[in-house]
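Undergrad: Quick one: the structure is below, questions incoming.
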Amino acid sequence: MTSVVSSPPRTIRIGSRKSQLALVQTYWVQEQLKKSFPDITFEVHTMSTQGDKILDVALAKIGDKGLFTKELEVGMLNQEIDFAVHSLKDLPTHLPEGLTLAAITERENPADALVVHEKHKDKQIDTLPEGAVIGTSSLRRLAQLRHHFPHFSFKDVRGNLITRLAKLDAGEYDALILAAAGLERLGMSARIHQIIPNEISLHAVGQGALGIECRADDSELLSLLKAIEHPQTRDRCLAERSFLRSLEGGCQVPIGVNTEIYGDNLTLTGIVASVDGQKFVKDTVTGIANNAEALGIELAELLRQQGAQEILSEIFAVIQRGS
């Protein structure tokens, strides 16, 4: 009688950046997968990306093609790790050949948040004093805030969340604009002074969601990862990413979005703004959520007709000059 030898359960290696927020997000994904697949071992492997190493230069001046993802992607292609957990807003819309966006997890609050110095605890964003120093490393936030509040002074802020908050508390800034989701995931919801209304600042593409990237030919892993995908978040984020991709924009350009799903319908709103906030185009489309990517393309074309491409061309020219 021939005995059948079963192969041992697979060990799956998860790639993550080393930052506190990245690890919190990666361990959450690891825990969700363990619940669904208790017989599989999921190991976390950490890497430093270019965006983690360069902390004294504004993000837009570095360039954004894989700023927080490239090293993880090389690790996957070299078979050093099996999949990577990204903040979806950091994942470029064009992925390297051989890799794919395998799953998108349920979204946390995608909005931007105002965090203030103690002396402004009685203020909201529209009542901060003239000349208030607002810290942000995002051209998207900068453009929209300049459009609404030209009387503020804006200053770049880099470093991890703890470092940024320490600079605020030390008095280098009157307020910071940060992603609400990051604060919530790190247990710092108490630092959120105000959720910025959509009328003032539309959020980044993919903000608040996690994107799971893996090798496109790993059918077994692709099937496993679907267990943690959230269909509504997927549709919302695919529409947003399609919009960004169609405008040939990157993570560090002033493009903002908002998506809502009502029944089978998805509503996508997008803006493109000049860095000085002077030029500003915005529109909305609604359609079937299953056609999410087509909606993104439709909205991009609407904004292109209103001058979005000219605004972006001017921004790219400035960035390439290093201004």
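Undergrad: Per DSSP H run of at least 4 residues, take -39500 (n - 2.57); add these up for the chain, divide by its residues and hand me the 222 nm value, nearest 500 deg cm²/dmol.
TA: -10000 deg cm²/dmol
Undergrad: Additional query: Cα-Cα over 30 Å: which of K226/K282; K34/K89; K70/K121; K18/K155? Provide the component values of the computation, followed by the final result.
TA: Numbers: K226/K282 34 Å; K34/K89 25 Å; K70/K121 40 Å; K18/K155 26 Å.
Checking Cα-Cα distances, K226/K282; K70/K121 exceed 30 Å.
Undergrad: I've got another one for you. Less than 15 Å Cβ to Cβ from G256, Lys/Arg counted +1 and Asp/Glu -1: what total charge do the surrounding residues give?
TA: Working: positive: K89, R140, R141, R146, R236, R241, K279, K282; negative: D112, E199, E240, E260, D283.
Cβ neighbours under 15 Å give a net charge of +3.
Undergrad: Now for a separate question. Once phi is turned into ³J(HN,Hα) by the Karplus curve 6.51 cos²θ - 1.76 cosθ + 1.60 with θ = phi - 60°, what whole-Hz value does each residue of segment 171-177 show in order, with x for glycine and proline?
TA: x, 6, 9, 7, 7, 10, 10
Undergrad: Taking amide H positions as placed 1.01 Å from N in the peptide plane, with prolines and chain starts having none, which residues 5 or more places from F37, or on another chain, fall under 5 Å of its amide H?
TA: When sequence neighbours closer than 5 places are left aside, there are no close amide H contacts.
Undergrad: Report, to the nearest 10°, how far helix 20-36 tilts away from the longest principal axis of the Cα atoms in the chain, using its own Cα long axis and a range of 0 to 90°.
TA: 40
Undergrad: Modelled label-to-label distance, D217 and H94, 7 Å Cα→beta-carbon offset: nm?
TA: About 2.3 nm separates the two model spin labels.
Undergrad: Given the convex hull over the Cα atoms of segment 180-245, what projected area results after averaging over all orientations, in nm²?
TA: Details: hull surface 24.8 nm².
With the hull built on Cα positions only, its mean projection is 6.2 nm².
Undergrad: With all protein chains present, calculate the accessible area of K167 using a 1.4 Å probe and round the result to the nearest 10 Å².
TA: Approximately 60 Å² of K167 is accessible to the 1.4 Å probe.
Undergrad: Please give the length that would be gained between E248 and K18 if that part of the chain were fully extended, namely 0.36 nm times their separation in residues minus their C-alpha to C-alpha distance (nm, one decimal).
TA: 79.9 nm
Undergrad: Return the distance in nm (one decimal) between the two label points of a simple spin-label model at D122 and K282, each offset 7 Å from Cα along Cα→Cβ.
TA: 3.0
Undergrad: Could you tell me what percent of the DSSP beta bridges with both partners in the chain are antiparallel, to the nearest 5?
TA: Numbers: 35 of 49 bridges.
If we restrict to bridges inside the chain, about 70 percent are antiparallel.
Undergrad: Provide the per residue accessible area, probe 1.4 Å, for the chain, rounded to a whole number of square angstrom.
TA: So the chain comes to 45 Å² accessible per residue, rounded to a whole number.
Undergrad: I've got another one for you. Going by Cα centres, segment 146-166 and segment 129-145 are how many Å apart?
TA: The distance from the Cα centre of segment 146-166 to that of segment 129-145 comes to 5 Å.
Undergrad: Just the ratio, please: alpha-carbon radius of gyration of the chain over 2.2 N^0.38 Å, N its number of residues.
TA: Rg over 2.2 N^0.38 Å, computed on Cα atoms: 1.03.
Undergrad: Turning to a different aspect of this structure: Sticking with the crude label model, points 7 Å out along Cα→Cβ, report the distance from H230 to S189 in nm, one decimal please.
TA: For the pair H230/S189, the computed spacing is 1.4 nm.
Undergrad: Okay, next question. Gain in length, Y27 to Q305, computed as 0.36 nm per residue apart minus the alpha-carbon separation, to one decimal in nm?
TA: Roughly 95.7 nm would be gained on extension.
Undergrad: Leaving out ligands, DNA and RNA, what percent of the accessible area of the chain is carbon and sulfur, probe 1.4 Å?
TA: Roughly 49 percent of what the probe reaches on the chain is carbon or sulfur.
Undergrad: To the nearest 10 Å², what's V285's accessible area with a 1.4 Å probe?
TA: 10
The values are calculated or read from the model by the stated rules, or taken from the named source; none is laboratory data. Predicted model, so just to flag it, every value in this text is computed and none were measured. Cβ coordinates were reconstructed from backbone atoms using ideal geometry, including for glycine residues, and neighbour counts include every protein chain displayed. For the accessible areas, the whole protein counts, side chains as well, though only heavy atoms, and no ligand, DNA or RNA atoms are used. Shrake-Rupley method; radii C 1.70, N 1.55, O 1.52, S 1.80 Å.
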